[in-house]
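Beneath this line is the structure, given in C-alpha cells, with notes to follow.
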Amino acid sequence: MGFGGISLWQLLIILLIVVLVFGTKKLRTVGKDLGGAVKGFRDAMEKGEDEARKEIADETAKPDTAPDATFEETRSAERDKV
C-alpha cells in the first residue's frame with residue numbers, strides 16, 4: 001500500500017532516480033536548508049505567540065481607571081433605544 005495509488009516499489013524507484021540525478025551530497029544540502037527553514041519558521045511562530053501572550057497579560061493586568069458610563073447612563077440609553 002502506497003501513497004495516492006503509488007505502490008512502495010514505485011516510490012523506491014522514484015527515490016533511486018532522484019538520488020542518481022542529484023546525488024547524495026546535493027540532497028543532503030537541500031535537506032539541511034529545508035530543515036533550517038522549518039526551524040526558523042517554528043522559532044518565529046513561538047516568538048510571535050510569546051509576544052501575543054505577553055500583550056494579553058499586560059492588557060488584563062491593567063486596572064480600569066474609570067468606567068465609560070455609569071449604570072444609570074447605560075440604562076437610560078437602553079431605554080431610549082426601545
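Each value in this text was obtained by applying a stated rule to the coordinates, not by laboratory testing. Remember, predicted model here, so these are calculated numbers, not experimental data. Using ideal geometry, Cβ is built from the backbone for each residue, glycine included, and neighbour counts are taken over all protein chains shown.
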Quiz prompt | Estimated inter-spin distance, Glu59 and Arg28, nm [label 7 Å along Cα→Cβ] | solution = 4.9 nm
Practice problem: Just subtract the alpha-carbon distance of Leu15 and Asp50 from 0.36 nm times their residue separation and send over the number in nm, one decimal. | Solution: 8.6 nm
Practice problem: Would you mind ranking Thr24, Thr29 by Cβ crowding within 10 Å, fewest neighbours first? | Solution: Thr24, Thr29
Self-check item: Inter-probe distance in nm under a simple model that places probes 7 Å from Cα toward Cβ, at Asp43 and Arg79
Solution: 6.2 nm
